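The values are calculated or read from the model by the stated rules, or taken from the named source; none is laboratory data. All values derive from a computational prediction rather than experimental measurement. Counting neighbours? That spans all protein chains shown, and the Cβs are built from the backbone with ideal geometry, glycine included. Just the protein is used for accessible areas: all its heavy atoms, side chains included, with ligands, DNA and RNA removed. Shrake-Rupley method; radii C 1.70, N 1.55, O 1.52, S 1.80 Å.
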Amino acid sequence: MRIDILTLFPSLFDGPFSESMIKRAQAAGYAEIHLHDIRDFSTDKHKRVDDYPFGGGAGMVMMIQPIADAIDSLKAQRTYDHIIYLTPDGQTLNQGIANHLSLSGNIILLCGHYKGIDQRIREHYITDEISIGDYVLTGGELAACVLVDSIVRLIPGVLSDEESALTDSFQDNLLAPPIYTRPSDYNGWQVPDILLSGHEAKIEEWRMQQAIERTKKLRPDLLK
Ligand code: 6GU
């Protein structure tokens, strides 16, 4: 999968994309992530990318030209399955959306800043609008990192243990059961006996019960 990210702050992505799973996914060729500085596309002599809102009001608005030219230049090179705008008023990200997007070939992520982007970009270019939750971030960059992480780990082959994405919390609308590792007794804190029993079927049944109980208690909304 190829992911093109349009942002005013490309260096915000340096850390998250250069460690762990996303780093490995890129090195192994499963994901290609390209960062583009929106400011590079500004035709303004001062490289301005924002302007005052028509009608007045607080905050600046990201203007059409640099964003439109950036998206046009990408679309001239390949076709995109999704052109996604990260915005707090988008659809809230969930595992189903991540699963769906992980099947894409090429996607563009557009990160907004200031008060947001000119509405006409949303109307004429954007195919999906995604939020990562009901709170406000300074810009779409951190949200884009979250979205990329949630998608890339689902690309077949990226996770070392192919099983593990299947047993994630939320994959079946259930929270994951508790997990333990050695020692089985830590100063009197015991691992549940069933996990030491070697009874695979019983262990699976226990895990499913635990998952259902935890979900009922902590996230009953998932069971509806
Ligand atoms: Cl995608 N962007 C911003 N600026 N804030 C957010 C968000 C996105 N998702 C939740 N809060």
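Equivalent-ellipsoid semi-axes for the stretch 95-156 (Cα gyration tensor, √(5λ), whole Å, largest first): 21, 15, 9. Here, the stretch 1-108 is characterised by an Rg to Rh ratio of 1.00, where Rg is the alpha-carbon radius of gyration and Rh the Kirkwood radius. Under the rule a/c < 1.5 gives rounded, and otherwise a/b versus b/c splits prolate from oblate, where does the stretch 117-206 land using the Cα gyration tensor? Prolate is the answer for the stretch 117-206, as a/c is 1.5 or above and a/b outweighs b/c. In the chain, helical runs assigned H by DSSP with n ≥ 4 each contribute -39500 (n - 2.57); averaged across all residues and rounded to the nearest 500, the mean residue ellipticity at 222 nm is -9000 deg cm²/dmol.
Out of all DSSP beta bridges with both ends in the stretch 69-193, state the antiparallel percent to the nearest 5. Percent antiparallel among DSSP bridges in the stretch 69-193 is about 15.
What part of the accessible area of the chain, given as a whole %, is carbon or sulfur when the probe is 1.4 angstrom?
Working: 6950 of 13270 Å².
For the chain, the apolar C and S fraction of the accessible surface comes to 52 percent.
Protein heavy-atom accessible surface, 1.4 Å probe, per residue over the chain: 59 Å². Kirkwood radius, the chain, all distinct C-alpha pairs, inverse of mean reciprocal distance: 20.0 Å.
With the charge dipole of the chain set up from +1 on Lys and Arg Cβ and -1 on Asp and Glu Cβ about the Cα centre, the Cα lying farthest toward the positive end among the listed residues Met1, Val146, Ser184 is that of Val146.
Asp149: net charge of surrounding residues, Cβ under 12 Å, Lys/Arg +1, Asp/Glu -1, itself excluded?
Values: positive: Lys23, Arg153; negative: Glu19.
In short, +1.
Of the cross-linked pairs Lys115/Lys217; Lys47/Lys75; Lys115/Lys224, those separated by over 31 Å at the C-alpha level are Lys115/Lys217; Lys115/Lys224.
Toward the positive end of the charge dipole of the stretch 1-110, with +1 on the Cβ of Lys and Arg and -1 on the Cβ of Asp and Glu, the farthest Cα among Gln91, Pro10, Val49 is that of Pro10. Heavy-atom accessible surface of Val146, to the nearest 10 Å², is about 60 Å², with a 1.4 Å probe and all protein chains retained. Convex hull volume per residue, computed on the Cα atoms of the stretch 120-164, equals 114 Å³.
Overall, the ratio between the Cα radius of gyration of the stretch 180-224 and 2.2 N^0.38 Å, rounded to two decimals, is 1.42. Using a probe of 1.4 Å on the protein chains alone, the accessible area found for Met1 is around 40 Å².
Give a quick list of chymotrypsin sites (Phe, Trp or Tyr not before Pro) in the stretch 113-143 that DSSP marks as loop, anything other than H, G, I, E or B, with at most 15 other Cβ atoms within 10 Å.
Working: sites: Tyr114, Tyr125, Tyr135; in loops: Tyr114, Tyr125, Tyr135.
Those that pass, being in a loop and sparsely packed, are Tyr135.
Ranking His36, His46, His100 from most to least accessible surface, computed with a 1.4 Å probe over the protein chains only, gives His46, His100, His36. The heavy atoms of Asp14 present about 90 square angstrom of accessible area, all protein chains included, probe 1.4 Å.
The mean sequence distance of close C-alpha pairs (under 8 Å, at least 6 residues apart), as a share of the length of the chain, puts its relative contact order at 20 percent. Taking Cα centre as origin and charging only the Cβ of basic (Lys, Arg, +1) and acidic (Asp, Glu, -1) residues, the dipole magnitude of the chain rounds to 220 debye.
Please get the size of the charge dipole for the stretch 12-62, origin at its Cα centre, with Cβ charges of +1 on Lys and Arg and -1 on Asp and Glu, quoted in debye to the nearest 20. Spell out each step's value before the answer.
On the way: 6 positive and 8 negative charges, 9 e Å.
About 40 debye.
Of the residues Thr127, Ile107, Ala165, the one whose Cα sits farthest toward the positive end of the charge dipole of the chain, with +1 on the Cβ of Lys and Arg and -1 on the Cβ of Asp and Glu, is Thr127.
Let me know the shape class of the stretch 64-112, please: from the alpha-carbon gyration tensor, a ≥ b ≥ c as square roots of the eigenvalues, rounded when a/c is under 1.5, otherwise prolate if a/b is greater than b/c, or oblate.
Oblate is the answer for the stretch 64-112, as a/c is 1.5 or above yet b/c matches or exceeds a/b.
DSSP bridge analysis restricted to the chain gives an antiparallel fraction near 15%, rounded to the nearest 5.
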